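All remarks here apply to the structure that follows.
Where a number appears in this text, it was derived from the coordinates with a stated rule and is not lab data. These figures come from a predicted structure and were not determined experimentally. Heads up, the Cβs are rebuilt from the backbone with ideal geometry, glycines too, and the neighbour counts pull from every protein chain shown.
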Amino acid sequence: MVKIESLKTKIESLGTSTGKIINRSEDYPDIFHLPVAEIMDLFRTSGILLFKGFGVTHNQMKKFAELLSSNLVEDYVRPRVDEDQFIHFVDPGMGDLVVHSEHAYSPFRPDVIWFCCAVPAAQDGETIFCDGLQVWKELSEETKQLFLAKKLNFVYESIPSEIFKRFISPDATIADIKLMLDNLEGVTYQINQDESIRMEYACSAVVKTKYGNYDAFANSLLPQYAGAGKAAFADGSLVPDAVIDEIKKVTDKLMGKISWESGDLAMIDNSRFMHGRREFNDEKRQIFSTLSNL
């Protein structure tokens with residue numbers, strides 16, 4: 001476990017969570033002066049790090065992520081910033097986003113999601129988060145057994161083949177895509193006449209954390225339910241509404257938040273923490289994201 005005193009700066013708790021706030025200091029005048037090994041030690045135990053006072057830009061976010069990661073991951077959903085394939089604008093709109101793990105509805109789930117704030121909302125618009133380790137501990141034994149016994153199922157009727165080429169190469173063929181999909185756990189698919197792909201993805205709502213190999217309730221169940229009014233298991237049965245209500249009650253109880261300031265940078269363990277957003281009403285709000293593996 002890292003000794004916090006070894007980092008020559010003020011480190012605070014992020015609310016009541018295990019997350020930490022790392023503040024700028026004379027020893028670390030910019031984010032690139034921070035000791036990478038010690039930051040990673042702190043991240044492994046904390047799960048969320050919020051860097052404050054460093055005035056981080058979206059380009060610096062990407063460069064810092066590269067220092068701490070084995071590789072960056074292209075986000076195939078969000079729009080790019082300045083044609084950079086690894087820097088993206090966050091989700092459009094200003095409504096609430098329920099907590100979820102990034103891309104947990106697909107076999108392309110990254111280890112970390114990074115957020116950088118350029119312009120915070122004038123009011124509200126906080127990023128919310130929930131520790132999947134704690135959620136799992138709080139759920140009833142009956143609910144735990146349900147999710148240990150059954151996998152969630154996500155169905156996509158028509159995914160453009162161009163999406164899959166991002167994970168191979170721009171000139172990948174349908175044969176290349178088939179080879180990739182054949183080797184992904186939980187994936188079944190068929191090629192449509194227009195070469196789009198119908199895909200089903202089955203995965204557990206309970207995942208092993210990147211660090212410690214603990215059980216964490218970290219998934220995309222709540223967004224699926226919010227969008228469709230229902231959520232399905234791989235055997236075709238539906239997740240009971242009472243179970244969804246229990247999950248909402250537990251996540252609401254354990255919810256933390258990041259109240260953004262310009263230049264803030266957040267690093268979130270996507271195998272452990274779920275994140276979301278509070279509603280806001282400010283078109284100037286601007287948050288960027290990057291995904292990476294460790």
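For Tyr28, what charge total do you get from the other residues with a beta carbon under 12 Å from its beta carbon, if Lys and Arg give +1 and Asp and Glu give -1? Could you put the intermediate results ahead of the total?
Details: positive: Lys8, Lys10, Arg24, Lys52; negative: Glu26, Asp27, Asp30, Glu38.
Neighbour charge sum, excluding Tyr28 itself: 0.
Residue separation times 0.36 nm, minus the C-alpha to C-alpha distance between Lys284 and Asn183: what's the value?
Working: separation 101, 0.36 × 101 = 36.36 nm, distance 4.26 nm.
Separation in residues times 0.36 nm, less the Cα-Cα distance, equals 32.1 nm.
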Say each of Ala242 and Glu12 gets a label point 7 Å from the Cα, pointing the same way as Cα to Cβ; how far apart are those two points in nm? 4.3
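So what is the relative contact order of the stretch 212-286, in percent, for Cα pairs below 8 Å that sit 6 or more residues apart?
38
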Footprinting proxy, Met255, Met199: sorted fewest to most Cβ within 10 Å, the residues are Met255, Met199
Please give the helix 58-68 orientation as an angle from the longest Cα principal axis of the chain, in degrees from 0 to 90, rounded to the nearest 10. 80
Taking each pair of different alpha-carbon atoms in the chain once, compute 1/r for the pair, average those values, and report the inverse of that mean as the Kirkwood hydrodynamic radius in Å to one decimal. 20.1
Pull out a ≥ b ≥ c, the square roots of the eigenvalues of the alpha-carbon gyration tensor of the stretch 178-294, then state rounded if a/c is under 1.5, prolate if not and a/b is larger than b/c, and oblate in the remaining case. prolate
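Can you tell me the dipole magnitude for the chain around its Cα centre, using point charges on the Cβ only (Lys, Arg +1; Asp, Glu -1), in Debye to the nearest 20? Don't skip to the end; give the middle numbers.
Working: 32 positive and 44 negative charges, 119 e Å.
With only Lys, Arg, Asp and Glu charged at Cβ, the dipole is about 580 debye.
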Which of Pro240, Pro120, Pro223 fluctuates most in a GNM of the chain (C-alpha springs under 10 Å)? That residue is Pro240
Which GluC sites (Glu not before Pro) does the stretch 3-112 hold that lie in a coil by DSSP with at most 14 other beta carbons within 10 Å? Glu26, Glu83
As I understand it, the value is the acute angle between the Cα axis of helix 36-46 and the longest principal axis of the Cα atoms of the chain; what does it come to in degrees, rounded to 10? 60
In Å³ per residue, the alpha-carbon convex hull of the stretch 216-259 encloses 94
Taking a cut-off of 23 Å, what percent of all Cα-Cα pairs in the stretch 35-122 are separated by more than that? 28
Taking the Cα centre of the stretch 180-221 as the origin, how large is its charge dipole in debye, to the nearest 20, when only Lys and Arg (+1) and Asp and Glu (-1) carry charge on their Cβ atoms? 260
Which of Gly19, Gly236, Gly55 moves the most in a Gaussian network model of the chain with Cα springs under 10 Å? Gly236
Lys, Arg +1 and Asp, Glu -1 on Cβ, resulting dipole of the stretch 121-237 about Cα centre, debye, nearest 20: 240
Would you work out if the stretch 80-231 is rounded, prolate or oblate? Take a ≥ b ≥ c from the square roots of the eigenvalues of the alpha-carbon gyration tensor; rounded if a/c is under 1.5, else prolate when a/b is larger than b/c, oblate otherwise. oblate
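Nearest-5 percent of antiparallel DSSP beta bridges in the chain?
Working: 54 of 58 bridges.
Within the chain, antiparallel bridges account for around 95 percent of the total.
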Which of Gln60, Gln145, Gln85 ends up with the largest GNM mean-square fluctuation for the chain, with Cα atoms connected below 10 Å? Gln145
Among Phe108, Gly125, Leu97, which residue has its Cα furthest toward the positive end of the charge dipole of the stretch 44-146, with +1 on Lys/Arg Cβ and -1 on Asp/Glu Cβ? Phe108
Enumerate by residue number the chymotrypsin sites (Phe, Trp or Tyr not before Pro) in the stretch 115-157 meeting two conditions: DSSP loop (anything except H, G, I, E, B), and at most 16 other Cβ atoms within 10 Å of the site's Cβ. none
Residues in the stretch 169-183 that a label on Glu195 would reach, taking backbone N under 14 Å of a point 7 Å out along Cα→Cβ: 169-178
